[in-house]
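A.B. asks: One structure coming up, written as structure tokens, with questions to follow.
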Amino acid sequence: MSPEVNQAAAIDDDVIAALDPVTRLPYGVTRYYASLARDDDPSKDPIAAQFIPRAEENFAEPYDTIDPIGDRMYTVAPRLVHHYHDRALVLVNDRCAVYCRHCFRRHFTGSGDGRITDSDLTVIRAYLENHSEVQELLLSGGDPLMLADREFFRVFDALREVRDFLMRVCTRMPVVLPSRITENFARELGRRMPAWVVIHVNHPREITSEFSLAISRLHREGISVANQAVLLRGVNDDAETLEVLFRALVRNGVRPYYLFQGDLAAGTAHFRTSIDRGIEIMRELRLRLSGLALPTYAVDLPDGGGKVPVDSALIRTETDAYILRGPDGREYRYPREYPRLGG
Ligand SMILES: *Cc1c(COP(=O)(O)O)cnc(C)c1O
Ligand code: SF4
């Protein structure tokens with residue numbers, strides 16, 4: 001780690017102290033991830049931007065909320081979000097190895113809610129018993145791999161006991177703490193197929209030899225890996241960066257699954273790129289990349305409208321909003337203009 005970044009990791013106490021308690025997300029980074037930054041100024045480095053808090057996090061647009069995708073509306077049991085017919089999301093743990101400054105699940109991440117309890121699991125299992133339409137479980141948080149293997153697999157097995165769900169483990173560990181993907185973890189997960197691991201890489205510099213080793217450990221056990229990236233202003237909002245990123249992922253056997261438009265989470269407005277720009281970037285990428293390397297550009301509609309591909313959902317563009325069709329057939333507005341914050 002460069003000395004400059006060491007200082008960066010110790011960041012400005014003033015910035016931390018000034019963070020609004022509503023939008024506040026804890027500060028935390030691994031030594032490994034901080035070592036990938038080349039500058040301690042979050043406005044100048046795509047890695048630093050993802051872990052160093054900025055004063056802009058105090059800012060919320062009138063339409064920004066703490067629960068932008070309506071998780072709460074679809075919470076059917078403690079820590080269980082059942083929004084889509086055949087899939088349900090379990091919030092296993094509120095902690096992360098790195099607190100991504102663009103995190104949209106701030107109402108939960110780092111909230112102090114801690115890990116799932118046995119009584120939560122009992123209620124969740126009862127719900128799942130009664131909802132045979134659920135075929136797939138997403139284990140998320142926070143990062144579920146902040147739990148030790150024994151604890152993680154205890155939760156995994158308790159849920160899997162209900163029936164033979166497809167399990168999707170959502171984790172940023174291969175990116176922020178690749179050594180967490182131990183041979184033991186991969187072997188244990190490989191014994192519990194079918195399971196996918198879904199990761200969160202946003203920038204080509206996050207693809208290192210350590211990352212590749214972590215992914216190959218999963219592959220060796222027969223586990224498939226997909227990536228969800230978030231379109232982030234100043235980090236990856238250009239076709240060149242994303243082209244390099246998606247090519248590198250495919251070479252590592254990781255399928256680029258989604259590229260998400262930023263959710264309307266309070267404290268993240270400075271990261272957002274317009275949907276116009278997102279569409280333009282995707283158009284360029286389609287000319288340059290194979291279908292295998294091309295993710296779906298998707299947006300989670302405000303007010304719990306649901307996740308939709310931008311291309312097929314966009315109905316029209318108004319002066320101040322994009323109008324998109326939700327899966328329920330209704331029209332949803334996603335705001336169009338953002339003030340230019342922080343240059
Ligand atoms: C995104 C999400 C899913 C998974 O959706 P896919 O399109 O299958 O990736 C499931 N549940 C919730 C609550 C989600 O936000
Ligand atoms: S790892 Fe995921 S849940 Fe944790 S802070 Fe980053 S984006 Fe949020």
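A.B. asks: Net charge near I223, counting Lys/Arg +1 and Asp/Glu -1 over other residues with Cβ under 12 Å of its Cβ?
C.D. replies: Overall, the nearby charge balance is +4.
A.B. asks: So what are the ³J(HN,Hα) numbers for region 280-287, from phi and the Karplus equation (6.51, -1.76, 1.60; θ = phi - 60°), rounded to whole Hz, Gly and Pro as x?
C.D. replies: In residue order, the calculated couplings are 5, 4, 5, 5, 5, 5, 5, 6 Hz.
A.B. asks: Please compute the per residue accessible area over region 5-308 with all protein chains in place, 1.4 Å probe, rounded to a whole number of Å².
C.D. replies: On a per-residue basis, region 5-308 sits at 40 Å².
A.B. asks: Among DSSP beta bridges whose residues both lie in region 57-185, state the antiparallel percentage, nearest 5.
C.D. replies: 40 percent
A.B. asks: Can I ask one more? Which distance in nm do the two modelled labels at E240 and T117 give, with both placed 7 Å along the Cα-to-Cβ direction?
C.D. replies: About 5.3 nm separates the two model spin labels.
A.B. asks: Does the chain classify as rounded, prolate or oblate by the C-alpha gyration tensor (a ≥ b ≥ c root eigenvalues; a/c under 1.5 gives rounded; else a/b over b/c gives prolate, otherwise oblate)?
C.D. replies: Rounded, since a/c falls under 1.5.
A.B. asks: Another question, if that's okay. Roughly how many nanometres apart are two label points built 7 Å out from the Cα toward the Cβ at V76 and H219?
C.D. replies: Here the answer is 3.6 nm between the modelled labels.
A.B. asks: For region 20-95, compute the orientation-averaged projected area of the C-alpha convex hull (one quarter of its surface), in nm².
C.D. replies: 7.3 nm²
A.B. asks: Here is a follow-up. Are there any trypsin sites (Lys or Arg not before Pro) in region 214-255 that are in a DSSP loop and have at most 11 other Cβ atoms within 10 Å? List them by number.
C.D. replies: In loop regions of region 214-255 (DSSP not H, G, I, E or B), there are no sparsely surrounded trypsin sites (Lys or Arg not before Pro).
A.B. asks: Counting pairwise Cα distances across region 15-163, what percent come out greater than 22 angstrom?
C.D. replies: Taking all Cα-Cα pairs of region 15-163, the fraction more than 22 Å apart is 48 percent.
A.B. asks: Suppose each label sits 7 Å from its Cα in the direction of the beta carbon; what would the E129-D149 distance come out to in nanometres?
C.D. replies: Result for the modelled spin labels: 3.2 nm.
A.B. asks: Ok, one more. Which residue, L294, L89, L147, has the most motion in a Gaussian network model of the chain that connects Cα atoms within less than 10 Å?
C.D. replies: Among L294, L89, L147, the largest mean-square fluctuation in the Gaussian network model of the chain belongs to L147.
A.B. asks: So for region 5-308: antiparallel DSSP bridges make up what percent, rounded to the nearest 5?
C.D. replies: Roughly 25 percent of the beta bridges in region 5-308 run antiparallel, per DSSP.
A.B. asks: Something else about it: Each residue of region 262-276 in order: what ³J(HN,Hα) in whole Hz does its phi give by Karplus 6.51 cos²θ - 1.76 cosθ + 1.60, θ = phi - 60°, with x for Gly and Pro?
C.D. replies: In residue order, the calculated couplings are x, 6, 7, 8, 3, x, 10, 4, 5, 8, 6, 10, 5, 5, 4 Hz.
The values are calculated or read from the model by the stated rules, or taken from the named source; none is laboratory data. From a predicted model like this one, the values you see are computed outputs, not experimental measurements. Every residue, glycine among them, receives a Cβ derived from its backbone with ideal geometry; neighbour counts consider all protein chains shown. Side chains are part of the model used for accessible areas, which takes the heavy atoms of the whole protein and leaves out ligands, DNA and RNA. Shrake-Rupley method; radii C 1.70, N 1.55, O 1.52, S 1.80 Å.
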